[in-house]
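S.K.: Starting off with a structure, shown below.
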Amino acid sequence: MKLLTFLKDDRLCLGVQTEKGIVDVELAAARYGAVDAEIPTDMMKAIEGGQTTVTALQRLTDAVLAEAETSGCLLDELKLTLGPCVTQPNKIICVGLNYRKHAIETKAPIPDYPILFNKFNNALTGHGHPVTLPDVSQQVDYEAELAIVIGKTAKNVEKEHALTHVFGYCNANDLSARDLQLRTTQWLLGKTCDGFSPLGPYLVTAEEVDNPNNLTIKCFVNGEERQNSNTADMIFHCDEIVSYISKHMTLVPGDIILTGTPEGVVLGYPKDKRVYLQDGDIVTVEIEKLGSLTNRMVKEVV
């Protein structure tokens, strides 16, 4: 199942993507599921409800599609303003240098343990939204990443069971202001500027993705392919990452883990060939089974 959020009456509402359009869950629940308390009407409740609410949403979707022409609950995705596919995560945890070829291109040693840093909720934005290039940076870079979304509380989870705690996966762009990131040994400043974590367009449930470490991952800038790899190149695979983090902090439903980026970022080019993101550049992150996440970069007006 592919879930998303969209703006309606100044609220982010829950939708289900289908071949016939986006199911407006709020409208559909009022029409078809008034007595079904298991139907969530916002994304965070859907994640917290896990498989129970996914099953309820599937029942609701089936009811809408059975009367697709007359239900009044199907929306044209192209006419919607989408939000981030996870709206209020408790934590946004990122893994640095987690692709072998990316570590090599940046001349960094292969890490012995996952390198963790974080972003904050101010960095979240959705598919189709402009991202401001901050005036304080001249070196904003793209980073296509697979994001894990936690569905069940995880503490001290072993690798063998780690993925049972995952609700789903989505595209992310770990935008990075390299001059700010590398100003000190702490990366935070360059990682969590406003809008620096586009997420979406869909949150795809785990069973639909199956193996998260066998997905093609790409990034395009103005239509030019910049990154083309596979999540199999991760140094620490998704199950290892979830297990490792859970042994140091409790993961809760809705937590987001950005799992690192493959080779092809601007920072990996020779210094004389580095051209960082500019006003008007369009960046697309595309991961197999997860759709495409596109954002236009815009110059900050001070």
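The values are calculated or read from the model by the stated rules, or taken from the named source; none is laboratory data. Remember, predicted model here, so these are calculated numbers, not experimental data. Note that each Cβ is placed from the backbone with ideal geometry, even for glycine, and that neighbours are counted across all protein chains shown.
S.K.: Of a type in the set (A, V, I, L, M), in contact (Cβ under 8 Å) with a residue 12 or more places away in the chain and either in the same structural domain as residue 167 (by TED's automatic domain parsing) or farther than 19 Å from residue 145 by Cβ (or both): is that true of residue 275 in this structure?
M.R.: The answer is no for residue 275.
S.K.: Could you give me the residue pairs with C-beta distances under 7 Å whose first residue belongs to the range 86-101 and is within 16 Å of residue 45 (Cα to Cα) and in contact (Cβ under 8 Å) with a residue 12 or more places away in the chain, whose second residue is basic (Lys, Arg) and crowded, with 18+ Cβ neighbours inside 10 Å wherever it lies, and which are 6+ apart or on separate chains?
M.R.: none
S.K.: List the residue pairs whose Cβ atoms are under 8 Å apart, where the first residue sits in the range 157-169 and is on the phi < 0 side of the Ramachandran plot and of a type in the set (S, T, N, Q), the second is surrounded by 15 or more Cβ atoms within 10 Å (Cβ to Cβ) and modelled with pLDDT of 95 or more, and the two are 6 or more positions apart or on different chains.
M.R.: If the second residue must be surrounded by 15 or more Cβ atoms within 10 Å (Cβ to Cβ) and modelled with pLDDT of 95 or more, the pairs left are 164/152.
S.K.: Are any residues in the range 32-48 more than 16 Å from residue 208 (Cβ to Cβ) and touching a helix residue (DSSP H, G or I) at 6+ places or on another chain (Cβ under 8 Å), and if so, which ones?
M.R.: Matches in the range 32-48: 32, 33, 36, 38, 39, 40, 41, 45.
S.K.: Next question, about the same structure. Just wondering, is there one or more residues in the range 25-42 that are in a loop (DSSP other than H, G, I, E, B) and modelled with pLDDT of 95 or more?
M.R.: Checking the range 25-42: not a single residue is in a loop (DSSP other than H, G, I, E, B) and modelled with pLDDT of 95 or more.
S.K.: I need the full set of residues from the range 190-200 which are of a type outside the set (Ser, Thr, Tyr) and in contact with a helix residue (DSSP H, G or I) (Cβ under 8 Å, 6 or more places away or on another chain), in order please.
M.R.: Answer for the range 190-200, where residues must be of a type outside the set (Ser, Thr, Tyr) and in contact with a helix residue (DSSP H, G or I) (Cβ under 8 Å, 6 or more places away or on another chain): 190, 191, 193, 194, 195, 196.
S.K.: What residue, of 87, 18, 55, is modelled with pLDDT under 95 and under 24 Å from residue 210 (Cα atoms)?
M.R.: It is 55.
S.K.: So, in the range 192-226, how many residues would count as being over 15 Å from the mean Cα position of the chain (by Cα) and buried (at least 23 other Cβ atoms within 10 Å of the Cβ)?
M.R.: 1
S.K.: Answer yes or no as to whether residue 260 is crowded, with 17+ Cβ neighbours inside 10 Å and assigned by TED's automatic domain parsing to the domain that holds residue 160.
M.R.: Spelling it out, residue 260 is indeed crowded, with 17+ Cβ neighbours inside 10 Å and assigned by TED's automatic domain parsing to the domain that holds residue 160.
S.K.: Now a separate question. Restrict the check to the range 126-142 and report whether at least one residue is more than 17 Å from the chain's Cα centre (by Cα), surrounded by fewer than 23 Cβ atoms within 10 Å (Cβ to Cβ) and under 30 Å from residue 62 (Cβ atoms).
M.R.: Taking every residue of the range 126-142 in turn, none turns out to be more than 17 Å from the chain's Cα centre (by Cα), surrounded by fewer than 23 Cβ atoms within 10 Å (Cβ to Cβ) and under 30 Å from residue 62 (Cβ atoms).
S.K.: Something else: With the structure loaded, tell me whether residue 280 is over 25 Å from residue 154 (Cβ atoms), part of a loop (DSSP other than H, G, I, E, B) and out of contact with any helix residue (DSSP H, G or I) (no Cβ under 9 Å at 6 or more places or on another chain) or whether it fails that test.
M.R.: For residue 280, the condition - over 25 Å from residue 154 (Cβ atoms), part of a loop (DSSP other than H, G, I, E, B) and out of contact with any helix residue (DSSP H, G or I) (no Cβ under 9 Å at 6 or more places or on another chain) - is met.
S.K.: Starting from the range 117-140, keep only residues that are on the phi > 0 side of the Ramachandran plot and modelled with pLDDT of 95 or more, then list their pairs with residues that are part of a strand (DSSP E or B) and not acidic (Asp, Glu) whose Cβ atoms are within a distance under 7 Å, requiring at least 6 positions of separation or different chains.
M.R.: 128/82; 128/294
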